[in-house]
Each structure stands twice: as structure tokens, then as C-alpha cells.
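J.: Dumping the structure here so I can ask a few things about it.
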Amino acid sequence: MNIRISPNQLRLRLSQEDLSEIVEQGYKEEAIRINALETFNYELRSWNLDIMEATFDAGKIKICIPETTIASLNKTDLITVESVQKNGSDEELRIIVEKDLNNFRRG
């Protein structure tokens, strides 16, 4: 699972294995060791609400995505899902979750 962060946008790109893990376990988490004391974590978690939401707490970005949306990404030709979240500024946060087509088996 790869994360791309740009101004007012979070994008997660999922391999087929990432997507399978989220469907089976309900989440996938990755960590980047910054130094001996600090780690940056990010997680994609399925939940039973109908909205996508991003939070940041204790050095971790957590994106929650509806279970039905994860199921659609897993079982259909759907490639990308996107949501917009108010973030207290004039601009909104775009949250994008997409399949990494380079890491999906064909046929």
C-alpha cells in the first residue's frame, strides 16, 4: 500500500494483496521509520459507515472507508473512489483510494 500526500490530498494506492488483506482483516497498516525514535504510520480501515474519513493522531493517518466500497473495489472493475472532507479551511481534503493496476493479475 502506497501513500501519496500533496496539499489537501491523500491518495492511497492498493495492490491486489493489500485489498485482499483489508477485505479479510478489516484494515491494513504501514509504517515508515523516520529515525530511532519516530515512526510515521498510515492505515486504511473498513467500517460500517457510508462515508470516507481521514484522521491524524499520534503520528498516524487513518483513513476509514465503507465496507461496501472495499467490497466493490475487490469484486468489480471499479478502480478509484474519492471523497471530500471538510478540514476547517477554505479548501477541502480530497481522499482518494485506488487500485494499483500494475499490481493486479489480469483475467
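The values are calculated or read from the model by the stated rules, or taken from the named source; none is laboratory data. Worth saying up front: this structure is predicted, and the values here are computed from it rather than measured. Cβ sites come from the backbone with ideal geometry, for glycine too, and all protein chains shown count toward neighbours. Each accessible area value is taken on the protein alone, full model and side chains, heavy atoms only, with ligands, DNA and RNA left out. Shrake-Rupley method; radii C 1.70, N 1.55, O 1.52, S 1.80 Å.
J.: Residues that are at pLDDT 95 or above, more than 13 Å from L14 (Cα to Cα) and of a type in the set (S, T, Y): does the range 88-102 have at least one?
T.: no
J.: Here's another thing I want to ask about it. Which of the residues spanning the range 23-78 are in a loop (DSSP other than H, G, I, E, B) and within 25 Å of N8 (Cβ to Cβ)?
T.: Result: I34, E38, L49, D50, I51, M52, A58, G59, L78.
J.: Across the range 79-107, which residue is least open to solvent (accessible area, probe 1.4 Å) among those that are within 25 Å of A31 (Cα to Cα) and in a loop (DSSP other than H, G, I, E, B)? Talk me through it step by step, then tell me what you get.
T.: Applying the first criterion (within 25 Å of A31 (Cα to Cα)) to the range 79-107 yields 79-85, 87, 93-104.
Filter once more, so that each one left must be in a loop (DSSP other than H, G, I, E, B): 79, 87, 100, 104.
On the way: I79: 71, N87: 66, D100: 19, F104: 39 Å².
Ranking the qualifying residues of the range 79-107, first place goes to D100.
J.: Can you tell me which of (1) surrounded by fewer than 16 Cβ atoms within 10 Å (Cβ to Cβ); (2) within 12 Å of Q16 (Cα to Cα); (3) basic (K, R) is the one K60 doesn't meet?
T.: (2)
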